[in-house]
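Q: Quick one: this structure, given as structure tokens, is what I'll be asking you about.
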Amino acid sequence: MTAAVLHGREDLRIEQVPMPKAGAGEIVVRVHAALTCGTDLKVYRRGYHARMLKPPIPFGHELAGTVHQVGRGVAAFRAGDRVVALNSAPCGDCYYCRHNQENLCDRLIFNNGAYAEFLLIPARIVAKNTLRIPTGISFEHAALTEALACVVHGLDECQPHSGDTVAIIGAGPIGLMFMHLAELRGLNVIAVVKRDEQVAAAKRFGASEVVQIHPDIDPVAAVRALTPQRRGVDLAIEAVAKPIAWQWAVDMVRKGGTVNFFGGPATGTKVELDTNRVHYNNITLRSSFHHTPAAARKAFDLIVSGQFRSSDTITSRAPLSELNRVFRRLMNRAGDIKTAIIPWGDAGT
């Protein structure tokens with residue numbers, strides 16, 4: 001079968017690899033749509049991911065498709081079922097799972113290889129994190145579940161209240177998802193963006209105000225100016241994985257506010273923070289990694305119910321053979337949000 005394999009930094013190859021076979025508890029999914037995401041772009045640039053993969057390795061992790069083969073002992077699914085399989089599953093037994101921190105599971109398994117004609121789904125993911133797609137929901141839309149689950153988990157951990165003001169730094173796919181989810185939860189959204197085309201995208205995804213980064217503009221002062229008495233926002237979410245953005249987030253938040261460092265910077269990155277301001281202003285600093293089965297189901301329900309604007313999120317499509325071109329375009333700051341990679345040319349239904 002045909003699949004994309006990451007061999008290193010900006011070294012992505014479309015290759016012929018062995019066809020997977022389902023073992024006990026496993027399924028093989030025929031991939032109908034696999035989506036690009038900011039994490040994949042980051043891994044493509046860096047050539048690795050600190051937690052999820054080291055090359056050479058099959059690439060991609062957001063997918064939906066149909067069950068092609070069912071392994072021994074699988075009762076929940078059968079051939080032909082339309083499914084979305086998440087890219088991980090926790091063990092359920094370790095210290096972190098028992099403390100409702102399944103995203104930090106000591107034995108969290110990851111599954112990559114979505115940019116392919118077929119993908120083997122491990123037994124634990126089949127049991128814990130594979131969902132049946134209702135009729136009428138496209139494969140492309142269902143494949144958004146993993147990325148949206150990360151956003152749901154991140155916003156849930158911040159525990160915002162309806163009417164709060166949130167500054168979201170970054171208007172890539174994750175930043176835009178945060179804006180839309182925050183809007184759905186009744187938050188007032190201030191977007192901090194860099195490029196001209198991101199201004200319109202931020203407004204479309206729920207931002208009531210947009211601050212565009214410019215050499216002559218202090219983004220911190222500009223955001224604080226949009227809050228009563230310039231006191232700062234209730235919540236600041238950093239979604240670009242840049243040290244300067246981490247510092248901005250801390251400086252944008254009000255006394256008693258919360259900062260979520262959502263973006264994952266490169267290994268070895270250091271950030272300097274004003275410890276006096278953090279301590280005496282009682283600022284909560286937190287970071288959010290990955291997702292949980294509960295967050296995945298919340299995200300899936302948002303997509304299936306139509307509350308989440310899935311159609312606005314997927315802005316282009318391409319065959320598997322053009323995957324390298326797609327990533328090169330994304331590296332050049334194309335206006336696309338997410339591209340659906342279609343191995344078979346039939347992802348619509």
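Q: What do you get for trypsin sites (Lys or Arg not before Pro) in region 43-126 restricted to DSSP loop and a cutoff of at most 16 other Cβ within 10 Å of the site's Cβ? Write down the numbers at each step before the final one.
A: Working: sites: 45, 46, 51, 72, 78, 82, 98, 107, 124; in loops: 51, 72, 78, 107.
Within region 43-126, the qualifying trypsin sites (Lys or Arg not before Pro) (loop, at most 16 other Cβ atoms within 10 Å) are 51, 72, 78, 107.
Q: Starting from the 7 Å offset along Cα-to-Cβ, what nm value, one decimal, do you get for the label separation of residue 45 and residue 344?
A: According to this spin-label approximation, the distance is 3.4 nm.
Q: Next question, about the same structure. Using 0.36 nm times the number of residues separating residue 282 and residue 336, minus their current alpha carbon distance, what extension gain do you get? Write down the numbers at each step before the final one.
A: Values: separation 54, 0.36 × 54 = 19.44 nm, distance 3.87 nm.
Computed gain between residue 282 and residue 336 is 15.6 nm.
Q: If each residue of separation counts as 0.36 nm, what is the full-extension length gain between residue 66 and residue 195 once their alpha-carbon separation is subtracted?
A: Values: separation 129, 0.36 × 129 = 46.44 nm, distance 3.80 nm.
My answer for the length gained is 42.6 nm.
Q: Something else: By the scheme Lys and Arg +1, Asp and Glu -1, what is the net charge of all other residues having a beta-carbon under 9 Å from that of residue 4? Write down the numbers at each step before the final one.
A: On the way: positive: 13; negative: 15.
Here the count lands on 0.
Q: For labels at residue 324 and residue 269 in the simple 7 Å Cα→Cβ model, what's the distance in nm?
A: 2.8
Q: Place a point 7 Å from Cα of residue 185 in the direction of its Cβ. Which residues in region 249-286 have their backbone N less than 20 Å from it?
A: Counting backbone N atoms under 20 Å from the label point, the list is 249-264, 283-286.
Q: For region 248-301, what does the alpha-carbon gyration tensor say about shape, rounded, prolate or oblate, given a ≥ b ≥ c as the root eigenvalues, a/c under 1.5 as rounded, and a/b over b/c as prolate?
A: Numbers: a/c = 3.41, a/b = 1.64, b/c = 2.07.
Verdict is oblate for region 248-301.
Q: When the chain is fully extended, how far beyond the present Cα-Cα distance does residue 7 get from residue 156, taking 0.36 nm per residue of separation?
A: On the way: separation 149, 0.36 × 149 = 53.64 nm, distance 3.56 nm.
Length gained between residue 7 and residue 156: 50.1 nm.
Q: Collect residues whose amide H, placed 1.01 Å from N in the peptide plane, falls under 5 Å from the amide H of residue 232; neighbours closer than 5 in sequence don't count.
A: Result for residue 232 returns 227.
Q: In whole angstrom, how long is each semi-axis of the equivalent ellipsoid of the chain, when you take the square root of 5 times every eigenvalue of its Cα gyration tensor and sort them from largest down?
A: Numbers: eigenvalues 242, 90, 73 Å².
Semi-axes (√(5λ), whole Å): 35, 21, 19.
Q: Ranked by Cβ crowding within 10 angstrom, fewest neighbours first, how are 339, 267 ordered?
A: On the way: 339 22, 267 9.
In increasing order of surrounding Cβ atoms, one gets 267, 339.
Q: What is region 151-287 by shape, rounded, prolate or oblate, if you read a ≥ b ≥ c off the alpha carbon gyration tensor as root eigenvalues and call it rounded for a/c under 1.5, prolate for a/b larger than b/c, and oblate otherwise? Display every interim value, and only then the final one.
A: Working: a/c = 1.24, a/b = 1.16, b/c = 1.07.
Rounded shape, in that the Cα axes give a/c under 1.5.
Q: Moving on. Among 96, 115, 44, rank each residue by its count of other Cβ atoms within 10 Å, from fewest to most, as a rough exposure measure.
A: Numbers: 96 17, 115 29, 44 22.
Least crowded to most crowded, the residues run 96, 44, 115.
Q: Cross-link list 255/338; 42/270; 128/194; 203/338; 42/255; 42/194: which exceed 28 angstrom alpha carbon to alpha carbon? Intermediate results must be reported in sequence, preceding the final value.
A: Values: 255/338 36 Å; 42/270 18 Å; 128/194 39 Å; 203/338 17 Å; 42/255 33 Å; 42/194 18 Å.
Check vs 28 Å cut-off fails for 255/338; 128/194; 42/255.
Q: Could you give the distance between the Cα centres of region 108-161 and region 234-255, to the whole Å?
A: About 27 Å separates the Cα centre of region 108-161 from the one of region 234-255.
Each reported figure results from applying straightforward, stated rules to the coordinates on display, with no laboratory input. Here the structure is a predicted model, which is why all the values come from computation and not from measurement. With ideal geometry, Cβ positions are generated from the backbone for all residues, glycine too; neighbour counts draw on all protein chains shown.
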